[in-house]
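Peer 1: Submitted below is the structure of interest, expressed as structure tokens.
The values are calculated or read from the model by the stated rules, or taken from the named source; none is laboratory data. Quantities reported herein were computed from a predicted structural model and do not represent experimental measurements. A quick note on method: Cβ atoms are made from the backbone with ideal geometry, for glycine too, and the neighbour counts reach across all protein chains shown.
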Amino acid sequence: MDAVRIYGGKCLEGQTTIQGSKNASLPILAATLLINGICEIENCPEISDVYHMLRLLKSLGCEVERKGTLVRVNTEKLSECDMPSDSVGVMRSSIMLLGALLARTGRVCMEYPGGCVIGSRPINLHLQSLRKMGVVIEENETGFCAETSRLRGTVLKLPFVSVGVTENAILAAVLAEGETVIKPAAREPEIQALCEFLQRAGAKIDGIGSNCLVIHGVNRLHAVRYRVPADRIVAGTYLSACMCTGGRIFLRDAPAHHMESVLNCAVEMGAAIEYETDGILINGRDHEATCHMLATGCYPAFPTDMQSPFMVVMALSGQRGCIEETVFENRFRIVPELCKMGADITVHGNTAYIGSSKLHGAIVQAEELRGGAALVVAALAVEGTSIVTNRHYIDRGYEDIVLSLRQLGASIELA
Ligand code: UD1
């Protein structure tokens, strides 16, 4: 069955190593298309989104080899062809291939991308930015064809911050003619990782980590080996689990320097964090919580991807709380499922109000990636047995959530 079974009510105790970042590896894999040669990507997580991205690269004529978390991509035989619709359909990051492919082959036809149903997630800004860079795009009901004789640098003034649009524009700009300015650029650590990868390959990018990126187009990039940083969202998920169950866990390789807002929030909600050179040590329930509200935002604010796991922390705290979601308009899909477990949560507009109630085990359904992981977190903490169905959503981003949580002392198995 496509599910996990959790025997809840146990304190977490143990250690696990945090996998490489999903949201960093996907655009970096797309970026290999810009390089005529063999790139080696280390610490590339073994998750289904990466599998789909590698499949897309293969379908474009790349040779892809995978040994555990090491991925080798040879783009020398890249050909111009349409992308397989089943991979494009399941994963929003397929849109990332657009900027890179246009830079390399000048023509791309694809269907509209899929991804988690956490909002309308249009791609209008992706297409608008590329049009400004000299791409002619013809849309139809199911997808579009984009074509350019040469990408041109320009000033991209975006109406708001978007991670994906920033990444796509970077990928289109590094080999474009002249200078591209992206403002406001997203500052997420995964964008910094993409820029570092490209810089090592010879790209010229100023302002990395700031909200204004300036990219000076170069004629070619060269092959590189790059290690993907650890996944701050996966680390945050296990942190939230420890806050829900209590206990002490060590998260090896957790990228604490990129988790400031989440770690600060965790401390305000009662956890204690000790910073070690190779990870973080968490005491899930160290003191009384002093804060019961949070608002999501673009980095460095509290990440929207951590919103559902922290909703669970709040629901289990025995206190009232509230969460304002400012990034996606439909990111409270976990609420009806948590209510099946006894939670008292109501949603008004973009704010969820969490009441105080006792939760219990139940059969619940993952509706999307992070919400699915958050349901597992809830199930770990409550008395009784729970089943979380639609495990495939969770597999999109977690290498082996069952193994990792077992290493942390949980009673959990595939179902
Ligand atoms: C990325 C992350 C995702 C994270 C999100 C916000 C990856 C693979 N995914 O998603 O995990 O939750 O950033 O941190 O890295 N928008 C438009 N038009 C566009 C593009 C976006 O209106 O053309 C809107 C979206 O609907 C959303 C907002 O912009 O409301 C932000 O989305 P964006 O930052 O682009 O998120 P993703 O790149 O899809």
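Peer 1: Pick out the one residue from T277, T304, T290 that is over 23 Å from the mean Cα position of the chain (by Cα) and at pLDDT 95 or above. Spell out the reasoning first.
Peer 2: Numbers: T304 fails: over 23 Å from the mean Cα position of the chain (by Cα); T290 fails: at pLDDT 95 or above.
Residue meeting the stated conditions: T277.
Peer 1: Restricting to the range 362-394, give me the number of residues that are part of a loop (DSSP other than H, G, I, E, B) and at positive phi. Give the steps one after another, and end with the answer.
Peer 2: At the first step, the residues of the range 362-394 found to be part of a loop (DSSP other than H, G, I, E, B) are 362, 366-368, 382-383, 390.
Subset that is at positive phi: 390.
Residues meeting the conditions: 1.
Peer 1: A further question follows. Out of (1) more than 15 Å from the ligand (Cβ to nearest atom); (2) not in a loop (DSSP other than H, G, I, E, B), what's the single condition that is false for S149?
Peer 2: (2)
Peer 1: A follow-up question, please. Can you find a residue that is more than 16 Å from the ligand (Cβ to nearest atom) and either under 21 Å from A146 (Cβ atoms) or not basic (K, R) (or both) anywhere in the range 23-31?
Peer 2: As a first pass, look at the range 23-31 and keep what is more than 16 Å from the ligand (Cβ to nearest atom): none.
Scanning the range 23-31 turns up no residue that is more than 16 Å from the ligand (Cβ to nearest atom) and either under 21 Å from A146 (Cβ atoms) or not basic (K, R) (or both).
Peer 1: Regarding N350, is this residue within 18 Å of L294 (Cα to Cα), within 16 Å of the ligand (Cβ to nearest atom) and at pLDDT below 95? Quick ask: steps written out before the conclusion?
Peer 2: Values: within 18 Å of L294 (Cα to Cα): yes; within 16 Å of the ligand (Cβ to nearest atom): yes; at pLDDT below 95: no.
Judged against the criteria, N350 is not a match.
Peer 1: Kindly evaluate L251 against the criterion of being in a strand (DSSP E or B) and under 23 Å from V376 (Cβ atoms). If you could, list the steps in order and put the result at the bottom.
Peer 2: Working: in a strand (DSSP E or B): yes; under 23 Å from V376 (Cβ atoms): yes.
Taking the combined requirement at face value, the residue satisfies it.
Peer 1: How about the range 306-337: which of its residues are out of contact with any strand residue (DSSP E or B) (no Cβ under 6 Å at 6 or more places or on another chain), assigned to a helix (DSSP H, G or I) and more than 16 Å from the ligand (Cβ to nearest atom)?
Peer 2: V312, V313, P336
Peer 1: Any idea which of A381, A343, A374, A362 is crowded, with 18+ Cβ neighbours inside 10 Å and either under 26 Å from P122 (Cα atoms) or modelled with pLDDT under 95 (or both)?
Peer 2: Details: A381 fails: either under 26 Å from P122 (Cα atoms) or modelled with pLDDT under 95 (or both); A343 fails: either under 26 Å from P122 (Cα atoms) or modelled with pLDDT under 95 (or both); A362 fails: either under 26 Å from P122 (Cα atoms) or modelled with pLDDT under 95 (or both).
After ruling out the rest, the residue left standing is A374.
Peer 1: Counting only residues that are within 16 Å of the ligand (Cβ to nearest atom), in a loop (DSSP other than H, G, I, E, B) and crowded, with 18+ Cβ neighbours inside 10 Å, how many does the range 185-234 have?
Peer 2: Residues meeting the conditions: 7.
Peer 1: Shifting gears a bit: Show me the strands (runs of 3 or more DSSP E) found entirely inside the range 24-133 where at least 1 residues are modelled with pLDDT of 90 or more and of a type in the set (K, R).
Peer 2: 63-67, 70-74, 107-111
Peer 1: Pairs needed: first member in the range 159-177, assigned to a loop (DSSP other than H, G, I, E, B); second member anywhere, surrounded by 19 or more Cβ atoms within 10 Å (Cβ to Cβ) and charged (D, E, K, R); C-beta distance under 6 Å; at least 6 residues apart or different chains.
Peer 2: Short answer, once both residue conditions are applied: none.
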